[in-house]
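Notes follow once the structure below has been shown.
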Amino acid sequence: MRKWQTALGMVVVALLVIGGFAVRLRTTSPTVRLDLSQHNGTLDLGNSRADLEITPRPPQPLQAFALRLRPASQVELRDLRVAFTMRMDMGPNNYTFEADTDGSYVARGIVLPKCGSGNLDWFGTLTGVADKLPVETRFALTLTKPAP
């Protein structure tokens with residue numbers, strides 16, 4: 001009878017650990033509708049849409065890249081920012097977009113650190129104001145390992 005109780009106890013503990021881990025993963029990964037890892041994409045800005053481009057490609061850890069936001073229509077944009085996070089705390093990685101001469105907005109000099117665990121999966125959160133309404137949209141970005 002004692003062996004049965006021990007085995008049942010171990011099963012319960014294992015299920016609790018697995019369940020807790022699954023809940024933690026689900027709550028720390030933001031919902032994303034756009035993945036910029038392989039190609040540029042289009043995102044919603046309230047009543048408008050915009051293309052989001054990364055240059056140069058592919059983005060790599062510790063290598064500067066830029067994000068360019070190209071509104072599809074006339075829209076008043078201000079206070080555009082992007083914040084990058086991953087499941088592990090990598091410190092603040094916040095950048096501001098500036099208006100460019102061609103009507104786009106650019107965040108230059110983005111450098112994401114190399115995670116000690118080898119994780120290359122980042123999440124970006126773009127925030128700002130579009131036509132006087134607050135906007136927030138998320139995207140995924142998997143960096144590419146640098147060539148040896």
**Request:** Tell me, please, whether a residue that is more than 16 Å from residue 45 (Cα to Cα), assigned by TED's automatic domain parsing to the domain that holds residue 46 and assigned to a loop (DSSP other than H, G, I, E, B) can be found in region 120-132.
**Result:** yes
The one condition residue 79 fails out of (1) part of a loop (DSSP other than H, G, I, E, B); (2) in contact with a Ser or Thr (Cβ under 9 Å, 6 or more places away or on another chain); (3) exposed (fewer than 13 other Cβ atoms within 10 Å of the Cβ) is (1)
Taking region 40-56 and the residues there that are part of a loop (DSSP other than H, G, I, E, B) and at pLDDT 90 or above, the one that is nearest to residue 87 (Cα to Cα) would be 40
Within region 112-137, restricting to residues that are touching a strand residue (DSSP E or B) at 6+ places or on another chain (Cβ under 8 Å) and within 15 Å of residue 61 (Cα to Cα), the one that is surrounded by the most Cβ atoms within 10 Å (Cβ to Cβ) is 124
Practice task
Determine whether residue 103 is assigned to a strand (DSSP E or B), over 15 Å from the mean Cα position of the chain (by Cα) and of a type in the set (Gly, Ala, Ser).
Solution key: no
Of the residues in region 129-148 that are among the small types (Gly, Ala, Ser) and within 21 Å of residue 112 (Cα to Cα), the one that is modelled with the lowest pLDDT is 147
Residue pairs qualifying under the 8 Å Cβ cut-off, at least six apart or on distinct chains, with the first in region 35-50 being without any contact (Cβ under 8 Å) to a residue 60 or more places away in the chain and the second being among the hydroxyl-bearing types (Ser, Thr, Tyr) and in a loop (DSSP other than H, G, I, E, B), are 49/73
Per the filter on region 82-91, residues among the hydrophobic types (A, V, I, L, M, F, W, C), within 30 Å of residue 131 (Cβ to Cβ) and surrounded by 17 or more Cβ atoms within 10 Å (Cβ to Cβ) are 82, 84
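The values are calculated or read from the model by the stated rules, or taken from the named source; none is laboratory data. Remember, predicted model here, so these are calculated numbers, not experimental data. Every residue, glycine as well, gets a Cβ built from its backbone with ideal geometry; the counts of neighbours run over all protein chains shown.
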